[in-house]
1. Using a 1.4 angstrom probe on the protein heavy atoms only, could you order Phe59, Phe73 from most to least accessible area?
2. Ignoring ligands, DNA and RNA, how do Ser96, Ser87 rank by accessible area with a 1.4 Å probe, largest first?
3. For region 1-93, what does the convex hull of the Cα positions come to per residue, in cubic angstrom?
4. Given 25 °C and 0.890 mPa s, how large is the Stokes-Einstein diffusion coefficient of region 25-77 in µm²/s, with Rh as the Kirkwood radius over Cα pairs?
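The values are calculated or read from the model by the stated rules, or taken from the named source; none is laboratory data. As the structure is a computational prediction, the values presented were derived from the model and not from experiment. Surface accessibility is based on the protein's heavy atoms, side chains included, excluding ligands, DNA and RNA. Shrake-Rupley method; radii C 1.70, N 1.55, O 1.52, S 1.80 Å.
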Amino acid sequence: MVRAWGEEASAEDRRRIVLAAIVFGRQFEERAAERPAAADEAGARRFLMDLMNRVVREFARHEGTGVEEAAEFLGEVGTRDRVLEFSEVLDAHEESGGSLDGLLQEAVDLRRERAFRAGRGPGGSSPSFRGPRRPGRGSSTGALRSTPWCARAGR
């Protein structure tokens, strides 16, 4: 699954990506229950920034690292994309019961199509891996991908 994780990703990097995806999913659910994303762009941006700050802090706590180190790891574009992708795979697994390996392979196969759909136009869908399913994420995939993980409270 070199295509899924990238050639440079070590076993430790993969473990950290999976942990970050789990943290992201949990934090998203908690945050959405507390205060759903606002319909306006400024409100959605505040929601995402708060979400990313929470993810960075919880990830740092689980890893036993400082917030700066966690933000640096999660701020890498490739890492961030893998975290979001694996979070979506976990959602699809929970919803469909499909195998994680199969859903991850499908997600990797759909990367080009999903990038096109998110940035430049419509695309088809997959019967089992349909991308973001959490409320608010489907319409803000582009915003999520452009929001830096290294966003910190108060900055």
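1. Details: Phe59 0, Phe73 20 Å².
Accessible-area ranking of Phe59, Phe73, largest first: Phe73, Phe59.
2. Ranked list, largest accessible area first: Ser96, Ser87.
3. 109 Å³
4. Details: Rh = 11.7 Å.
The diffusion coefficient I find is 209 µm²/s.
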